[in-house]
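The next block holds one structure in the form of structure tokens; read it before the comments.
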Amino acid sequence: MRESAPPHLQARTPTMLGSRHIKHCRACGTLVEYRVPSEDNRERAVCGGCGTVHYENPLNVVGTLPVWEDRVLLCKRNIEPRYGLWTLPAGFMEIGETTEAGALRETDEEAGARVELQGLFTLLNVVRVSQVHFFYRARLLDTTFNPGYETIEARLFREDEVPWEQLAFRTVRETLHRYFDDRRRGQFGVHFADIV
Ligand SMILES: [Zn+2]
């Protein structure tokens, strides 16, 4: 997760999530006002100067669940939020990339790990922060990791070694639980859930 963007992953309170956090028009710099534009049914940031309507929509977070034999790869965060806690490699999708390409890029940036994707595993709606998280199962091609600045340490964990109390994000915990459950069953599904 890149350093400039973490506010979207912070545990923002519901009041911070309402609309009304755009202050200035991105086109002309004028202060915006929040109102329902004609032929719309939601409050939007509308520029009183140039008339631009600034729409705000959910963001996609994409990542992987890298696996080597009976172990999964976790990254210890070197950045806020959740500094020092463990996460799966994941971050905000960039313009111009697919979910798969974004998941691979984040895995490279945060863990310096080479993986082969094995299909979508979880799709998690995090409505409270207006995000959708996608995690792909991934097979590690080797166990040499070269984590970037966002990561203190990238390490493999067996199920009974996972630091469950020190995971950075609820979506990471949900994804790991489903992974180990599916592995016990010997069959991997695609899981959809709403994180409230
Ligand atoms: Zn404007």
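Restricting segment 34-70 to residues that are within 16 Å of the ligand (Cβ to nearest atom) and in a strand (DSSP E or B), the residue that is nearest to Thr143 (Cα to Cα) is His54.
Where strands (runs of 3 or more DSSP E) fall entirely within segment 90-159, those with at least 2 residues that are touching a residue at least 60 places away in the same chain (Cβ under 8 Å), charged (D, E, K, R) and out of contact with any His (no Cβ under 6 Å at 6 or more places or on another chain) are at 131-140, 151-157. If you check Arg77 against the conditions, is it basic (Lys, Arg) and at pLDDT below 95? Here the answer is no, as Arg77 does not meet what is asked.
The values are calculated or read from the model by the stated rules, or taken from the named source; none is laboratory data. Keep in mind that what you see is a predicted model, and the values were worked out from it rather than measured. Note that we place each Cβ from the backbone using ideal geometry, even for glycine, and neighbour counts take in every protein chain shown.
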